[in-house]
Amino acid sequence: MALALPGPFVLLDMAELILKPGKERSLLRRHPWIFASSVARLVGRARSGDTVLIQAADGRVLARGAYSPNSQIRCRVWSFDAAEGIDDAFFKRRVAQAVARRRALPELAEQEGLRLIHAESDGLPGVIADQYGDTVVVQLNSAGAEKWRQALVGALVQATGCARIYERSDSEVRALEGLEKATGWLYGEAPAQTLAIYEYGVRLGVDYADGHKTGFYLDQRENRRLLGRLVAGRSVLNCFCYTGGFSLQALAGGAVSVLSIDSSGPALARARANLALNPALPAARAEWLEADVFQALRDFRQAGRSFDVIVLDPPKFAPSAAHAERAARAYKDINLLGFRLLNPGGFLMTYSCSGGIGLELFQKIVAGAALDAGRCARIVRRLGGTADHPVALEFPEGEYLKGLLCQVD
Ligand code: SAH
């Protein structure tokens with residue numbers, strides 16, 4: 001005879017992840033990651049992405065999370081309320097909360113390009129969702145996120161009313177979770193026209209299928225705007241320009257010249273196409289250079305060139321702390337060269353998006369670069385990501401982007 005089991009018995013189906021003694025401490029601080037080295041044993045069976053009940057060594061039930069048998073991060077917490085069911089309704093609530101958080105921030109109200117879900121910092125480990133007009137692009141980076149793909153899609157459609165959702169789950173971190181890359185339409189169909197957004201008056205194409213991340217660097221939005229406000233009457237050098245976001249804001253802000261460098265031909269082609277989307281901008285003031293920034297800055301030095309404002313927004317030189325030393329040398333190098341190329345009174349806008357390099361270390365590197373360049377400089381602003389890339393206080397790893405605006409004598 002088939003029995004319909006009442007609710008409480010369902011719990012017995014859920015495997016239990018038992019921690020080693022003392023390893024519950026970070027969980028009690030609401031940090032959402034459990035490393036493999038903290039796990040004593042798994043009681044019951046769990047496949048990749050399954051929800052498990054997390055218990056301290058003394059039997060205290062602490063949380064529910066997604067099990068990831070292949071990853072060093074063996075489990076990511078969905079809920080610190082161990083009684084909360086992890087189901088479609090859970091994802092509806094979390095996604096709706098994340099969207100509501102953005103709607104509550106006036107600075108985000110007018111944005112066509114918006115990060116809707118910032119993974120751990122929005123209580124959804126491994127889940128990234130970026131909105132570009134009526135298109136949402138998602139990236140699922142963990143076993144748990146992978147398992148709940150359909151629930152997330154349904155929740156996003158409900159919370160945003162978007163017309164379509166594209167999946168860009170092709171980041172390298174998927175391999176660490178034992179997941180294949182996955183891309184394609186999850187909801188709706190490809191838009192008839194090139195996807196594009198307005199960002200503070202500038203039109204920008206978004207290459208959701210082949211561009212970096214979900215197609216664009218939304219985290220630099222406010223910094224691009226700040227650059228635009230700084231450059232009137234000044235010459236600008238934008239290093240690592242990608243599709244020209246900083247360059248176009250500089251042109252809109254009245255820069256007398258904007259020289260942009262990237263080593264990627266396709267990125268520069270898109271940057272040029274972006275400029276063409278903005279016929280009101282003075283295209284004659286823009287110059288694009290396909291080159292290695294490290295070499296180009298040296299060549300400029302040799303040629304005696306100089307600039308009033310220099311932007312350095314390089315790729316992640318240090319994905320983790322293990323790469324910090326080599327990365328530090330690379331940051332030092334470009335910042336030193338940047339300081340040398342600045343006209344008196346000029347500005348260096350410099351960034352690191354390396355998780356492995358903290359703000360304090362980054363500032364030290366930049367200070368060392370100025371010293372070696374023989375330039376006296378001061379920080380006039382500390383820069384970071386935008387409000388739609390929040391950093392949960394219990395998850396400091398979420399703060400990857402840091403920047404300094406320095407003014408030289
Ligand atoms: N500032 C951009 C994002 C930069 S992403 C924005 O706001 O949209 C980093 C860029 O650096 C990529 O486009 C990549 O092609 C480029 N890049 C990486 N290494 C480089 C190098 N050594 N020289 C020049 N460009 C490089």
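For the stretch 132-149, what are the residues that are open to solvent by 10 Å² or more (accessible area, probe 1.4 Å) and either charged (D, E, K, R) or touching a residue at least 60 places away in the same chain (Cβ under 8 Å) (or both)?
Those that are open to solvent by 10 Å² or more (accessible area, probe 1.4 Å) and either charged (D, E, K, R) or touching a residue at least 60 places away in the same chain (Cβ under 8 Å) (or both): Gly133, Asp134, Gln139, Glu146, Lys147, Trp148, Arg149.
So, of the residues in the stretch 202-221 that are away from the ligand (no atom under 11 Å from the Cβ) and among the acidic types (Asp, Glu), which turns out to be nearest to Ala280 (Cα to Cα)?
Among those residues, the one meeting the criterion is Asp207.
Going by the structure shown, is Val95 closer than 18 Å to Ala392 by Cα and either assigned by TED's automatic domain parsing to the domain that holds Glu120 or over 27 Å from the mean Cα position of the chain (by Cα) (or both)?
yes
Taking the condition over 20 Å from the mean Cα position of the chain (by Cα) and either within 23 Å of Leu289 (Cβ to Cβ) or open to solvent by 40 Å² or more (accessible area, probe 1.4 Å) (or both), does Glu180 pass?
Yes: the conditions hold for Glu180.
If Gln302 passes every condition in (1) away from the ligand (no atom under 14 Å from the Cβ); (2) closer than 14 Å to Ala369 by Cα; (3) open to solvent by 10 Å² or more (accessible area, probe 1.4 Å) but one, which one does it miss?
Every listed condition holds for Gln302 apart from (2).
Which residue is surrounded by the most Cβ atoms within 10 Å (Cβ to Cβ), if the candidates are limited to the stretch 286-299 and must be within 14 Å of the ligand (Cβ to nearest atom) and part of a strand (DSSP E or B)?
If we take residues in the stretch 286-299 being within 14 Å of the ligand (Cβ to nearest atom) and part of a strand (DSSP E or B), then Trp288 is surrounded by the most Cβ atoms within 10 Å (Cβ to Cβ).
Given the residues Glu189, Glu199, Glu180, Glu167, which is the only one that is closer than 26 Å to Gln249 by Cβ, among the acidic types (Asp, Glu) and modelled with pLDDT of 95 or more?
Glu199 is the lone residue from the list that is closer than 26 Å to Gln249 by Cβ, among the acidic types (Asp, Glu) and modelled with pLDDT of 95 or more.
Name the residues in the stretch 70-114 that are modelled with pLDDT of 95 or more and of a type in the set (Asp, Glu), would you?
Asp81, Glu84, Asp87, Asp88, Glu112
Please state which one of Phe294, Phe395, Phe347, Phe307 is free of Cβ contacts under 8 Å to residues at least 60 places away in the same chain and aromatic (Phe, Trp, Tyr).
None of the others qualify; the one that does is Phe294.
Condition check: assigned by TED's automatic domain parsing to the domain that holds Ser306, in contact with a helix residue (DSSP H, G or I) (Cβ under 6 Å, 6 or more places away or on another chain), touching a residue at least 12 places away in the same chain (Cβ under 8 Å) and not in a loop (DSSP other than H, G, I, E, B). Does Ala267 satisfy that?
It is false that Ala267 is assigned by TED's automatic domain parsing to the domain that holds Ser306, in contact with a helix residue (DSSP H, G or I) (Cβ under 6 Å, 6 or more places away or on another chain), touching a residue at least 12 places away in the same chain (Cβ under 8 Å) and not in a loop (DSSP other than H, G, I, E, B).
Within the stretch 156-176, how many residues turn out to be closer than 22 Å to Ser48 by Cβ and touching a Gly at 6+ places or on another chain (Cβ under 7 Å)?
Number of matching residues: 1.
Taking the condition of being more than 9 Å from the ligand (Cβ to nearest atom) and of a type in the set (S, T, N, Q), how many residues in the stretch 222-246 meet it?
The number of residues fulfilling the criteria is 1.
Wholly within the stretch 305-409, which strands (runs of 3 or more DSSP E) include no fewer than the required count, namely at least 1 residues that are among the basic types (Lys, Arg) and surrounded by fewer than 18 Cβ atoms within 10 Å (Cβ to Cβ)?
Result: 377-384.
Considering the stretch 259-285 alone, what residues qualify as being near the ligand (Cβ under 10 Å from one of its atoms) and either on the phi > 0 side of the Ramachandran plot or surrounded by fewer than 18 Cβ atoms within 10 Å (Cβ to Cβ) (or both)?
Matches in the stretch 259-285: Ser263, Ser264, Gly265, Pro266.
The values are calculated or read from the model by the stated rules, or taken from the named source; none is laboratory data. For clarity, every value in this text was computed on a predicted model and none was experimentally measured. Methodologically, a virtual Cβ is constructed for each residue, glycine included, from the backbone with ideal geometry; neighbour enumeration extends over all protein chains shown. Please note that ligands, DNA and RNA were not included when accessible areas were found on the heavy atoms of the full protein model with its side chains. Shrake-Rupley method; radii C 1.70, N 1.55, O 1.52, S 1.80 Å.
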